[in-house]
Amino acid sequence: MEEEEMSDNLCTKHEVAQRFDVYVDTAQKWMALLAKGGFPFTKVGQARAIHEKDLSVIDEFVRLRKNGIKTEEAAVLAVSHWKGRKSDGDHGPHHSGEDRGLHILLEMFQPDHLKCILLELAPQRDTSLEDMIASIDKRRLKEALLERLSDREVRDVCKRFVCCA
């Protein structure tokens, strides 16, 4: 009887992929990352048994990815969020939006996570600074060329005026 109830709540990897509108390979990679991050998927032989309750962790992972968090970090945060709910005794699908947001913020402000974020943003910052410097250099070059051109035009006009006088 318990096996029947368990199988009624199982999803296939194809159903997971369809639910999140991704390829099956992508869904499998996500689940592998979540498992690597510590989420205990039930195993049936070599395959993962995906229960309805497991989908809430995948939902959280997808939401984090949509908010721009890197794949590996999103997996760790989603599992951490699940562990937090589990230790609080909450086995429901989610905390309220505010609680979940607060939990994610607290996770994000852990020193190791902040260091990862800053290291990830450093190349973008450097590229942005390089672009700004290049833009300033171009503007200065244009101004210098215009100034030279203006000086030349003034000299030409003065020469014409002196020659004519």
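The values are calculated or read from the model by the stated rules, or taken from the named source; none is laboratory data. The shown structure was predicted, so the numbers you read here are calculated from the model rather than taken from an experiment. Here Cβ is always computed from backbone atoms with ideal geometry, including for glycine, and neighbour counts include all displayed protein chains.
Among the residues examined, residue 120 does not qualify as modelled with pLDDT of 80 or more and either in a helix (DSSP H, G or I) or surrounded by 10 or more Cβ atoms within 10 Å (Cβ to Cβ) (or both). Screening segment 10-32 for residues that are touching a residue at least 12 places away in the same chain (Cβ under 8 Å) and over 19 Å from residue 44 (Cα atoms) and picking the one that is farthest from the chain's Cα centre (by Cα) gives 19. Among the residues of segment 33-68, write down those that are touching a strand residue (DSSP E or B) at 6+ places or on another chain (Cβ under 9 Å) and in a helix (DSSP H, G or I). Those that are touching a strand residue (DSSP E or B) at 6+ places or on another chain (Cβ under 9 Å) and in a helix (DSSP H, G or I): 35, 54, 55, 58. Taking segment 30-50 as the range and being exposed (fewer than 15 other Cβ atoms within 10 Å of the Cβ), under 20 Å from residue 10 (Cβ atoms) and of a type outside the set (Gly, Ala, Ser) as the test, the residues that pass are 40, 42, 43, 44, 46.
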